[in-house]
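Notes follow the structure.
Bear in mind these aren't lab numbers, they're just calculated from the coordinates by the rules spelled out. Predicted model, so just to flag it, every value in this text is computed and none were measured. Positions of Cβ are generated from backbone atoms using ideal geometry, with glycine treated the same way; all protein chains shown enter the neighbour counts.
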Amino acid sequence: MKFINFMGRFLSPAFEVFKTVNNTILLSVLFYVVISPLALGRRLLFGSRLHKKIDKSAHSYFEDPQVMSENLENPF
Amino acid sequence: MNIIGISAFFHDSAASYVQDGEIVAAAEEERFTRKKHDASFPEEALKYCVTHLPKGEKVDLVVFYEKPFLKFDRLLETYLGFAPRGLRSFLHSFPLWTKEKVFLKQIIKRKLKKKWGYCPRLIFSEHHLSHAASCFYPSPFEKAAVLCLDGVGEWETTTLWLGENEDLQKLKSINFPHSLGLLYSTITAYLGFLPNNDEYKVMGLAPYGRARFSEVIKEELIDIKEDGSFRLNLEYFDFCTGLKMYNHKLPKLFKRPVRQKDEPLEPFHADIAASLQVVTEEVILKLVRFIADKTGQRNLCMAGGVALNCVANGKILKETPIEKIWIQPAAGDSGGALGAAFVGHFNAQMPKPKRVIGPHDSQKGSLLGPEFGPKKIEKVIEASLDLEDHVMDFSEWRNLCEKVAELLDEGLVGGLFQGRMEFGPRALGCRSIIADARREDGQNHINKKIKFREDFRPFAPIVLREDLKRYFNVEHESPYMLLVGQVAESIKTPLNPSDEGRKGFDQLGVVRSKIPAVTHVDGSARIQTVHPNHHPALYELLRAFKKRTGEGVLVNTSFNVKGEPIVCTPEDAIRCFYTTGLDFLVLDKKLIIKKRREE
């Protein structure tokens with residue numbers, strides 16, 4: 001979330017660049033050259049919250065409720 | 001304080017207006033734009049809502065129903081979780097987000113300023129908080145357990161809450177990608193229907209089948225714990241990385257390919273639907289038992305798209321400790337607009353306003369949309385009437401009801417357009433098609449000649465509140481058509497010998513009760529109870545029909561044809577009237593009878 005927060009506040013000019021991007025090749029390069037290695041490395045080092053598997057021995061799959069944002073003005 | 005709630009940019013855009021904690025207006029954008037599940041910014045719905053502002057007053061606060069950056073966080077996390085898989089989904093979604101959705105705050109502000117000349121304070125609720133608020137605050141309960149189930153919001157797919165007066169406390173949650181709504185949508189897609197759209201068709205299909213795949217679903221697709229929490233086996237799903245809901249393993253699991261849209265439905269498809277329904281009910285009932293136990297509550301509020309599963313809702317009252325239930329009629333994302341406005345009311349003001357709880361709910365019968373006066377209706381009739389048709393003008397609603405009862409008794413089917421439009425996916429008697437429930441070919445006739453839809457789709461009854469027990473094995477009120485119950489034994493009829501032993505789709509058209517047009521193949525019905533205080537106009541119509549025929553029950557289905565939103569304006573109603581096999585149309589206190597109906 002901090003990462004998103006940072007992006008939202010300080011990197012909006014970068015998003016402006018993406019506003020004009022609708023290029024499949026450019027996005028594919030971004031996906032395979034930048035995002036995929038980052039993602040693979042991150043998964044190897046820290047795992048992923050999306051890859052929780054079925055665990056027959058567990059008693060419950062409930063998660064601790066996400067803390068609600070106190071700042072209603074923020075879209076995050 | 002004048003608060004506007006908005007839901008938009010995914011599906012079912014809507015706007016609502018709450019003034020000092022009282023619901024004033026709410027409407028879905030699709031009704032105005034005539035695009036089903038319209039996801040665009042709700043320009044028209046907003047325009048309608050602000051017509052209710054007191055003269056000289058402005059909107060004080062606008063609340064968007066979810067946090068777009070949290071949603072973007074989920075999207076990024078999903079790409080990071082699955083890359084290098086997921087390019088197609090990335091190519092589809094990333095430009096949309098970076099060009100538009102990341103800038104939602106600025107976009108909404110700009111749109112509002114352009115529209116109103118000023119931009120009020122804009123705040124953001126959370127998706128499941130909006131759902132929880134939409135069902136708890138308008139409910140008649142001071143304290144209640146709250147259950148929200150949908151596809152996905154930002155991260156959450158299932159949340160359990162405790163509501164007490166002005167406060168909502170989140171107790172438990174289940175996060176994406178584990179979602180009962182997404183499981184239901186995946187099977188909906190596998191059965192050849194449109195996900196996020198046709199889930200109700202799968203529910204209607206289920207009674208034709210046998211739940212012979214429920215164990216396979218529980219073994220392979222979803223693991224359900226005793227407390228109702230669950231996890232999906234992602235090996236069979238593609239919604240994290242692809243543009244489809246399922247992958248190649250799902251057809252292999254069921255040993256049948258995916259049904260294409262135009263292929264005929266077979267008993268196998270009904271069996272899958274029945275199995276999914278059984279699994280869905282198991283999850284919901286376990287969750288409800290868990291939250292009832294954890295909170296000690298016997299009142300339950302529900303919202304989120306899965307709360308529209310009225311078969312499961314009906315079972316909650318029979319098979320759990322819950323004694324009273326209140327479900328937001330606009331349980332899907334459109335209702336999020338209403339919940340968001342309530343979040344604004346209770347969470348964005350200091351000190352927190354006190355919640356006023358009446359003996360009934362404060363949803364106002366969900367009749368929150370636009371209405372049209374006699375002048376407008378007269379103008380529309382003049383402009384579009386077929387000269388051979390007969391128009392009758394009634395000064396008294398009571399007299400019109402007597403005439404309509406006579407037409408219904410003759411077996412005619414009519415459109416009913418009066419009062420304020422309903423908020424939510426159900427027509428509750430203001431934008432409805434009505435017919436005599438005793439008509440044996442009622443289901444087939446309305447499906448084929450009027451709604452142009454699949455012949456297996458059932459119809460729902462509206463029943464006088466005082467006659468509920470006479471027709472159905474149900475005691476709890478169901479003013480928003482959100483509970484399914486069994487038809488009472490006393491009105492069931494013995495099967496014809498030739499009908500005995502029929503199975504699956506062969507059961508279509510079999511007469512099972514004195515009200516066959518609203519009795520589904522399993523003897524169930526999705527009930528709307530009509531109370532004189534909640535819906536006086538509809539109550540009077542039912543009374544007139546009962547006076548004439550002895551039966552206080554009618555067929556009620558939404559006033560639209562397949563693939564179109566429910567009618568909104570008199571123009572929409574007239575257009576639908578002349579392009580379908582409807583025999584008559586009530587437009588406020590005017591009655592148009594089609595002369596050339598035999599054609």
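Observations on the model:
- Cross-link pairs exceeding 20 Å in C-alpha to C-alpha distance, out of B:Lys55/B:Lys354; B:Lys376/B:Lys403; B:Lys47/B:Lys451; B:Lys143/B:Lys170; A:Lys56/B:Lys315, comprise B:Lys55/B:Lys354; B:Lys376/B:Lys403; B:Lys47/B:Lys451; A:Lys56/B:Lys315.
- Student exercise, the protein assembly as shown dipole from Lys, Arg, Asp, Glu Cβ charges, in Debye to nearest 20: 1340
- The stretch B:486-521 residues near the modelled B:Arg210 label - backbone nitrogen below 14 Å, point 7 Å along Cα→Cβ: B:501-505
- Inter-chain Cβ neighbour count for B:77-89, averaged per residue, equals 5 (cutoff 10 Å, partner chain atoms only).
- Among B:Glu215, B:Glu77, B:Glu29, the ranking by other beta carbons within 10 Å of each residue's beta carbon, starting with the fewest, stands as B:Glu215, B:Glu77, B:Glu29.
- Contact order, relative form, for the stretch B:374-593: 35 percent (alpha carbon pairs under 8 Å, 6 or more residues apart, mean separation divided by residue count).
- Look at the stretch B:224-232: the mean tally of other chain Cβ atoms within 10 Å of its residues' Cβ atoms is 4.
- Listed residue (B:Ser478, B:Val530, B:Ser498) projecting farthest to the positive dipole end of the stretch B:374-593, Cβ model: B:Ser478
- Over 24 Å (Cα to Cα) - which of A:Lys52/B:Lys225; B:Lys71/B:Lys218; B:Lys36/B:Lys449; B:Lys71/B:Lys249; B:Lys115/B:Lys590 fall in this group: B:Lys71/B:Lys218; B:Lys71/B:Lys249; B:Lys115/B:Lys590
- Net lengthening on full extension, B:Glu378/B:Arg398 (0.36 nm per residue, minus Cα-Cα): 5.2 nm
- Summarised in one figure, the compactness ratio Rg/Rh of the stretch B:240-369, Cα atoms and Kirkwood Rh, is 1.07.
- About the Cα centre, charge dipole magnitude for the stretch B:374-593 (Lys/Arg +1, Asp/Glu -1 at Cβ), debye: 440
- Antiparallel content of DSSP bridges confined to chain B, in %, to 5: 70
- Here B:Leu495, B:Leu300 are placed in order of increasing Cβ neighbour count within 10 Å, fewest first, which gives B:Leu495, B:Leu300.
- Share, in percent, of DSSP beta bridges within the protein assembly as shown that are antiparallel, nearest 5: 70
- By the count of neighbouring beta-carbon atoms within 10 Å, fewest first, B:Tyr48, B:Tyr118, B:Tyr137 end up ordered B:Tyr118, B:Tyr48, B:Tyr137.
- Here the stretch B:175-325 was treated as a single set of alpha-carbon atoms; its pair distances binned every 10 Å from 0 give 11, 42, 34, 12, 2 percent.
- DSSP-defined beta bridges in the stretch B:374-593 - what % are antiparallel, rounded to 5: 80
- Percent of alpha-carbon pairs separated by more than 30 Å within chain B: 53
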